[in-house]
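Asks: Before we start, here is the structure in question, set down as structure tokens.
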Amino acid sequence: MRKFLVVLDDSRECLNAMRFAALRAAKTQGGVQILSIIPPEEYQHWMGVADLMRAEARERIEAHFEVFAKWMRDRHGVNPELVIREGDPEAEILAQVREDPQVGVLVLGANHEKSGPGPLVTALTRSAGSLPVPITIVPGAMSKERLESIT
């Protein structure tokens, strides 16, 4: 089964990327893989604190995932899977795409602010020519109705 890989983070544009992935998966009998990345901790010498922060980050990620997963199951009949990785976001996304042969499309949400599309979109489009899958960039300002009409 072809999976749409979408990144779960705290950005507003993440919502449109999730919608797009769920809608496309439902219409193509595909799957959705939701990837969330815990960035490396700056204070590795405080291992107890770093472990606690990592555990809290995992709990927060799992809670956010459950909201999206329930919506995808109830609304679109798609049962997403959660993958949590730790490290540099760009490197971890590329590693996930390369390690899971079922990932067929990377779906990213683009920021609609004047500051640019966001760090992930900027970084990953530079690597697009060497990726084993296409990237779909979903505009963050696109309406839910428009997303539904194009998927």
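We did not get these values from a lab; they are worked out from the coordinates using the rules stated. Quantities reported herein were computed from a predicted structural model and do not represent experimental measurements. Methodologically, a virtual Cβ is constructed for each residue, glycine included, from the backbone with ideal geometry; neighbour enumeration extends over all protein chains shown.
Asks: Per the helix-only calculation at 222 nm, which mean residue ellipticity applies to the chain, given -39500 (n - 2.57) for every DSSP H run of n ≥ 4 and division by its residues, nearest 500 deg cm²/dmol?
Replies: Estimated from H runs of four or more residues: -15500 deg cm²/dmol.
Asks: Select from S11, M72, A55 the residue farthest towards the positive end of the dipole of the chain; place +1 on Cβ of Lys and Arg, -1 on Cβ of Asp and Glu, and compute about the Cα centre.
Replies: Most positive-ward Cα: M72.
Asks: Take the range 94-149, drop everything but the C-alpha atoms, weight them equally and run the Debye formula without solvent; then report log10 I(q)/I(0) at 0.22, 0.25 Å⁻¹ to two decimals.
Replies: Taken in order of the listed q values, log10 I(q)/I(0) reads -0.89, -1.01.
Asks: Then there is this: Please compute the volume of the convex hull spanned by the alpha-carbon atoms of the range 36-115 and report it per residue in Å³.
Replies: Once divided by residue count, the hull of the range 36-115 is 141 Å³.
Asks: Could you pull out the longest piece of the chain with no exposed loop chymotrypsin sites (Phe, Trp or Tyr not before Pro) in it, calling a site exposed if DSSP puts it outside H, G, I, E, B and it has at most 14 other Cβ atoms within 10 Å?
Replies: 47-151
Asks: I've got another one for you. Could you pull the Rg and Dmax for the chain, using just the Cα atoms, both in Å?
Replies: Just the Cα atoms of the chain yield Rg and Dmax of 15.5, 51 Å.
Asks: Within straight cross-link reach of K3, meaning Cα distance under 18 Å, which aspartates and glutamates are found once same-chain residues fewer than 8 apart are removed?
Replies: Filter leaves E81, E92, E99, D100.
Asks: While we're on this one: How much net charge surrounds R12 when only the other residues with a Cβ under 14 Å from the Cβ of R12 are counted, with Lys and Arg +1 and Asp and Glu -1?
Replies: Overall, the nearby charge balance is -2.
Asks: Follow-up. Once you charge only the Cβ atoms, +1 for Lys and Arg and -1 for Asp and Glu, what is the size of the charge dipole of the chain about its Cα centre, to the nearest 20 debye?
Replies: 840
Asks: Let me ask something additional. What percentages, rounded to whole numbers, describe P(r) for the range 1-74 computed over all alpha carbon pairs with 10 Å bin width beginning at zero?
Replies: Result, from short to long distances: 18, 42, 24, 13, 3 percent.
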